[in-house]
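Everything on this sheet refers to the single structure shown next.
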Amino acid sequence: HQYSAGASRDGRGACQQSKSTSNGSFWLSESDNALIAQQEANFTAEYSHLGYGYSNSLQALRSQHFPQLSRGTVYLDHAAATLYSAEQLLAANAELSQHLFANPHSQLGAELDSTATAIEQLRQMTLSMLNAPADEYEVIITSGATAALKLAGECFPWTPGHSTCAYTTVNHNSALGIRQLAAAAGAQTQAVDLQQLVIRDPQQQQQQGQQQQDQGSCYSMFIVPA
């Protein structure tokens, strides 16, 4: 079994009694492999009645969709670089080989260029997924999540002295970067523990609502991880 550097199992470092390779990964010994296999079997037996393992087809699905992962390789970096599946590659290759995609600003015409149609379909699918009416919401396509968050922070109508940029204590680094944009615009910033969202004092909520009415119309932003 191969673990990325820094991964752990049962509270112990994955590198214990293992040989380090030049790329920072670790190969476990036969006794480690046997222990992991036994733990996996015990876990599956205990939780299979809850539906874990997709009716014992999990490993088959893993091999089918992610053949680049050898048996036992554990990939953990899904935060910003999740793996592409074999079916995604096949679908992307088929679409790119059968359609012409040019610069969306070139406006070559629908009979030649499939880009405009694809972008419109993407917008409609996004609105549908979020249950957002098209007459109330717009879908803006950016280069990625960081660019989208920066754009939201720069375009947000902060009211100096009244707006608040609140964010949960566990959040994406790029989301936390909006704090600087809010502070530069004169807004307040506040870290919020998730427990504060569950346990609220009704009297305190009423007082805060009255304060907001006294302050007049302004907008605030609350940032939570997906």
Candidate set from segment 121-147 (those that are of a type in the set (Gly, Ala, Ser) and part of a helix (DSSP H, G or I)); member that is farthest from Leu176 (Cα to Cα):
Ser128
What are the pairs, 6+ residues apart or on separate chains, where a residue within segment 55-81 that is modelled with pLDDT of 85 or more has its Cβ under 9 Å from a residue that is of a type in the set (D, E, K, R)?
Arg62/Arg71; Ser63/Arg71; Gln64/Glu87; His65/Glu87; Leu69/Arg62
Unmet requirement for Gln17, which otherwise passes all of (1) at pLDDT 80 or above; (2) farther than 26 Å from Ala145 by Cβ; (3) part of a loop (DSSP other than H, G, I, E, B); (4) not hydrophobic (A, V, I, L, M, F, W, C)
(1)
Are any of the residues in segment 75-89 outside any loop (DSSP other than H, G, I, E, B), of a type in the set (Asp, Glu) and open to solvent by 90 Å² or more (accessible area, probe 1.4 Å)?
yes
Taking into account only those residues within segment 100-136 that are open to solvent by 80 Å² or more (accessible area, probe 1.4 Å) and among the acidic types (Asp, Glu), which is farthest from Ala226 (Cα to Cα)?
Glu111
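The values are calculated or read from the model by the stated rules, or taken from the named source; none is laboratory data. Quantities reported herein were computed from a predicted structural model and do not represent experimental measurements. FYI the Cβ positions are ideal-geometry reconstructions off the backbone, even for glycines, and counts take in every protein chain you see. When the accessible area is computed, the model is the full protein with side chains, heavy atoms only, and any ligands, DNA or RNA have been set aside. Shrake-Rupley method; radii C 1.70, N 1.55, O 1.52, S 1.80 Å.
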